[in-house]
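Just so it is clear, none of the values below were taken in a lab; they were calculated from the coordinates. Computed from a prediction, not measured in an experiment: that's the story for all the values here. Every residue, glycine among them, receives a Cβ derived from its backbone with ideal geometry; neighbour counts consider all protein chains shown.
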Amino acid sequence: MSDISIPGVTASKYKTDELIQGLMKVERVPRDRAAADLEDYKKEQAAWRDVNQQAASLRDIARTLYSYNNPFSEKMASSTDERAITATVSREARDQSFRVSVNQLAEADSFLSSQVDKNAKVPAGTYTFSVGESSVSFSWKGGTYRDFISSLNRRGTGVLQASLIQVTPDTQSLLVESLKTGEKNRLTFSDDALSFALDTGLIKKKDNAALTLSKTSLVAAPKSNDTVDFSSPAKASQGLTLEYTLTVTKAAEQEVPESPAGPDLGDPGSMTWEGITIRNANPETNLPTDAPTTPPAPVDDPDVLALRSTRGVAIPLPSLPDEADKAVVSVPLAEYGDVNGLVVHNRNSSKTVTLTDLRIYDPKAAGDYVPVNPVSVAQDALVKYEGITIKRDKNEIDDLIPGVTLNLHEATGKTETLKVKPDTETAKESIIEFVGKYNRMMAEVNILTQNKPEVITEIQYFTSDEKKAEEEKLGLMLGDTTLNGVKASMQRITSNAYKLAGDAGFNMLSQLGISTRATAGAGIDTSRLRGYLEIDEKKLDAALESHMDYVKNLFGTDTDGDLIIDSGVARELDSSLTPYTQTGGIFALRTSGLASKIDTTEKKIAQLDVQLADKEAVLKAKYGQMEGTLGSLQSQSSAISNFSKQNSGN
């Protein structure tokens, strides 16, 4: 039984499995060759995809550098005091410098109630809160302060909000805040909200003994004085505001008259008698013949307005501008102490000062009520722009300077200077990104078309994983004309001189400090021979700072006035790479061609696998039959041999 062999189950005593494997190894040669081809096709396809990705990335950044949204048109604003005022600018803003002082920020009403018991309830009723023209009204069934605030906040989104402040362990205060700035957006209460606000000490009835003025308008001609008396002293503790509309006009300059020539008295006459003529003497007028005296120099005095203190001292108000046309001026009287009048002393010889709409009011008051504990009171922002007072209801002013939004942060009253200029940092970052993507594309081409390990090792920004991946692609497309053509085109474009419109200033990248030898170094660096770009940052910074338009034109410009960019480094690079990277382009055709080869090879391998399996099955069957026959013959031989031995023994 030990001589019985089952093919495929037990080891063959005749080593038919080794014979079959040897025969199948020869049969598998076409299949192994197809598998190697398939692996190469997949590597090439992945390589072309990487090249396409790098080229598309380079094309996109190049297109950005000369498109409508190019970084060279970006603007930035700087302020001498960013704590007080900053600015955001759009691309449409022009390069300029202007002076601004923030005299007052726009604020919203914020009222704090008196202390109430922590277990106090808000009675039922209809509660209406208004902020300017917006209102929040709802019916309340009664309940705790916390539930009332939650209900109010749900309805007051964007208009107002309320919160609770725990003052002591047993008391709390209600804070109601408007969410809209500007003096027109006063917080008011009506319906049951009015009685609730009065009961909790949010507001109180205003004192009706209002301050009045002896005049509501006046005209102070040159060399004149005037006074506006208050009906009673405005005390600093009252926090009142004096407001008026100011107009300052200059008189036209008068010409100096010429010296008078005297009156024309006509011909004095004559008489003739017996041939003798006697003429009358010319009359004498006894008029002065000297030229008139030169008029005195004009007086220019900006200190015209002052407040009269209760002690009789004149406290000067801010100086007048040279000219003003109906500028609204607000004067917080609390800053000047207790005052009882406005004094106008116009010493100017050529300026007329006109005040209209004079009034004194309480800025905290809203109708007949004033807040008891105001955290802030609704007011407009007051900004002096180039000497002109500007009034707005918010702290973001976007309608004063085209393309510029002023952001007010703190009232200082100091004159600050804001400058709008090109955003050189954004432009520089875009150029650096362009050079980086250019070098990455150049590195990809060098690795695929050269079989030199140093092409990879000299690139310092590769990670260890990236180096390993690139080593598998090294020399994969050695001598490929497509990639070598792309490389030559890229080098030509970045080293060419360009014909640009007008006084371009720069016509080569090297003039910006961008070239294959932009930085100095001792000896010969072989990596510089591979086409990588370098940047001399100092040279680039200087060009961007002083000649931004020139730099912009070098990357893309319109040379023939048809409003289409037709020249420049970025434009040429975009035009050169587009046939390769576009849908259905050269790189896509290479990738799709390899995809067809991969598909065909995979089908071929599958077919060969079937054939090999069939071949191996046939061989196993034949060798199995052979082993069976040999085994049978061996058994018969053994039987005959045993029979012979038995017979010979007998």
For M76, distant residues with modelled amide H under 5 Å away: K421, D423
The stretch 44-134: relative contact order as a whole-number percent, Cα under 8 Å and 6+ apart: 13
Dimensionless Rg over Rh [the stretch 425-465; C-alpha; Kirkwood]: 1.09
Pair D560, R440: separation of 7 Å Cα→Cβ label points (nm): 3.5
Additional length obtainable on full extension of the chain from E616 to N119, 0.36 nm per residue less Cα span: 169.6 nm
Amide H contacts of T227 (H built 1.01 Å from N, under 5 Å, at least 5 apart or other chain): V344
Rotationally averaged projected area of the stretch 520-619 (alpha carbon convex hull; nm²): 13.7
Size of charge dipole - the chain - debye, nearest 20, with Cβ of Lys, Arg +1 and Asp, Glu -1, no other charges: 3060
Listed residue (V116, S190, G156) projecting farthest to the positive dipole end of the stretch 110-205, Cβ model: G156
Summed side-chain charge close to D207 - residues other than D207 whose Cβ falls under 11 Å, Lys, Arg +1, Asp, Glu -1: +1
Mean residue ellipticity (222 nm) of the chain, computed from DSSP H runs ≥ 4 via -39,500 (n - 2.57), nearest 500: -11500 deg cm²/dmol
In Å, descending, principal axis extents of the Cα set of the stretch 396-436: 47, 21, 15
For D60, net neighbour charge (Lys/Arg +1, Asp/Glu -1) across residues whose Cβ lies under 14 Å away: +3
Pairwise FRET efficiency - A334 versus S150, Cβ, R0 = 45 Å, nearest 0.05: 0.75
Amide H partners (placed H, <5 Å) of A251, local residues excluded: K351, T352
Sorted peptide list for 217-224, 61-68, 109-116, criterion being average Cβ within 10 angstrom, highest first: 109-116, 61-68, 217-224
Table column - 3J(HN,Hα) (Hz), the stretch 31-37, Karplus curve with 6.51, -1.76, 1.60, x for Gly and Pro: 5, 5, 5, 5, 5, 5, 4
Relative contact order, percent, the chain [alpha-carbon distance under 8 Å, six or more residues apart]: 22
Additional length obtainable on full extension of the chain from K15 to R359, 0.36 nm per residue less Cα span: 111.8 nm
Folded to 0 to 90 degrees: helix 424-449 orientation relative to the chain principal axis, Cα: 10
Surrounding net charge for L23, when Lys and Arg each add one and Asp and Glu each subtract one, Cβ distance under 12 Å: +1
Alpha-carbon centroid distance for the pair the stretch 559-634 / the stretch 202-225, whole angstrom: 93
The stretch 323-397: Cα Rg divided by the 2.2 N^0.38 Å rule of thumb: 1.38
Listed pairs K118/K205; K42/K437; K206/K414; K184/K384; K394/K419 exceeding 31 Å between Cα atoms: K206/K414
Percentage of interatomic Cα-Cα distances in the stretch 304-367 larger than 19 Å: 39
Chain lengthening between S214 and R311 when straightened (0.36 nm per residue, less Cα-Cα): 33.0 nm
Label corresponding to Cα extents along the principal axes in Å when calculated from the structure given, among [x] 204, 109, 44; [y] 104, 69, 49; [z] 100, 82, 58: [x]
Spin-label pair F98/E27, simplified geometry with 7 Å Cα→Cβ offset, distance in nm: 8.9
J(HN,Hα) series, the stretch 587-593, from Karplus relation 6.51 cos²θ - 1.76 cosθ + 1.60, nearest Hz, glycine and proline x: 5, 5, 5, 4, 5, 5, x
Ratio Rg/Rh [Cα only; Rh per Kirkwood] for the stretch 110-205: 0.94
Per-residue ³J(HN,Hα) for the stretch 565-577, Karplus 6.51 cos²θ - 1.76 cosθ + 1.60, θ = phi - 60°, Hz, x for Gly and Pro: 5, 10, 8, x, 4, 5, 5, 5, 5, 4, 4, 6, 7
Calculated FRET value between S350 and K235, using beta carbons and R₀ = 30 Å, to 0.05: 0.20
Relative contact order of the stretch 110-205, defined on C-alpha pairs under 8 angstrom at six or more residues apart (%): 39
Cβ crowding within 10 Å averaged over residues, with 361-369, 139-147 ranked highest first: 361-369, 139-147
